[in-house]
Amino acid sequence: MFYTPRLRLRAITPDDLAPFWRWVNDPEVHQFVTTIWPLSPQDEEDWLRQVRQRPPWERPLVIETQAEGRWVPIGNIALVRIEWRHRWAELGIMIGEKAFWGRGYGTEAVQAMTGIAFDILNLHRVQLEVYDFNLRARRAYEKAGLRLEGRRREAIFYRGAYHDSLLMAVLRREWTPPAWWREWPYPGAAAGQGIAAA
Ligand SMILES: CC(C)(COP(=O)(O)OP(=O)(O)OC[C@H]1O[C@@H](n2cnc3c(N)ncnc32)[C@H](O)[C@@H]1OP(=O)(O)O)[C@@H](O)C(=O)NCCC(=O)NCCS
């Protein structure tokens, strides 16, 4: 597992499919992502089977934080596509538990995944696309060090109107790791476990 001061990132298990199903079917969550059509629990099972065919580093990780003394799943994060030749990856994130929005967890998870891409997978660039109306995500990515690179004009049709899709990215040489990146164990981690603990 990977640890940050307040989060841990772990592999998906079949038990995660119930909260995942709830999150992807929540209109407040899925308005910002590509999966807008309702999905069934069976769809989720099919998706997990397909995920398991991917190499480990392209499988989404569950984002957990501690609440009432135990680890609670609040979302997921992934390097959804890795281009080894060009050494870049695309990042995707969803914090599905809305009560946990706006507390800095998204920024912390993106910082961790960016650090993993650079310092563990030896990638050169992390990029993503975000809808222009997703102001919370844009701010979280900016705080995590991604820069606006461009926009695909009116590439997104949502609720009767076209919106731009923004391209954001960070290069390894311009990435400033957060202060906690080299300090472990973190408060939330078990003794002896740090960000690089498997
Ligand atoms: C996007 C997401 C990952 C961000 O995670 P988060 O933990 O909520 O975000 P953070 O708390 O780290 O940062 C959010 C920032 O946006 C700001 N923000 C929130 N709403 C805002 C708004 N309407 N306008 C401008 N800024 C806003 C917050 O104030 C905060 O910035 P600050 O720390 O400078 O005050 C999470 O909200 C999420 O998963 N949302 C649903 C799915 C989604 O949008 N996924 C991304 C698709 S590209």
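What follows is calculated from the coordinates using simple rules that are stated; it is not laboratory data. Since we're looking at a predicted model, the values are computed, not measured. Methodologically, a virtual Cβ is constructed for each residue, glycine included, from the backbone with ideal geometry; neighbour enumeration extends over all protein chains shown.
Here are some notes:
- Positive-end ranking of Thr4, Ile93, Ile116 along the dipole of segment 2-126, with charges on Cβ about the Cα centre, is headed by Ile116.
- Of the residues Tyr131, Tyr162, Tyr141, the one that moves most in a GNM of the chain with alpha-carbon contacts below 10 Å is Tyr162.
- If only the Cβ of Lys and Arg carry +1 and only the Cβ of Asp and Glu carry -1, the dipole of segment 118-183 around its Cα centre is close to 60 debye.
- Note on Asp132 and Glu45: the model spin-label points, each 7 Å out from Cα along the C-beta direction, lie 4.3 nm apart.
- Cβ-placed point charges (K, R +1; D, E -1), dipole of the chain about Cα centre in debye, nearest 20: 580
- Springs join every pair of Cα atoms under 10 Å in this Gaussian network model of the chain, and among Val126, Val62, Val51 the largest mean-square fluctuation is at Val51.
- Model label sites at Arg173 and Ala11, defined 7 Å from Cα along the beta-carbon direction, differ in position by 3.7 nm.
- When only Cα pairs below 8 angstrom with a gap of at least 6 residues are kept, the chain shows a relative contact order of 23 percent.
- Cubic angstrom per residue, convex hull over Cα atoms of segment 29-134: 134
- Using a Gaussian network model of the chain in which every pair of alpha carbons under 10 angstrom is joined by a spring, one finds that among Leu135, Leu146, Leu17 the greatest mean-square fluctuation is at Leu135.
- Net charge, Val51 excluded, C-beta distance under 15 Å - Lys, Arg +1, Asp, Glu -1: -1
- Distance (nanometres) between label positions extended 7 Å along Cα→Cβ at Arg70 and Gln31: 3.3
- Net charge of neighbours whose Cβ lies under 14 Å from the Cβ of Arg87, counting Lys and Arg as +1 and Asp and Glu as -1: +2
- Cα gyration tensor category, rounded, prolate or oblate, for segment 89-154 with a/c compared to 1.5: oblate
- Figure legend: label point modelled 7 angstrom from the Cα of Arg152 along Cα→Cβ; residues of segment 117-146 with amide N under 12 Å from it are 128-132.
- Length gained on full extension, Glu183 to Glu83: 33.1 nm, using 0.36 nm per residue less the C-alpha separation.
- When DSSP beta bridges are restricted to pairs lying wholly in segment 2-126, around 90% turn out antiparallel.
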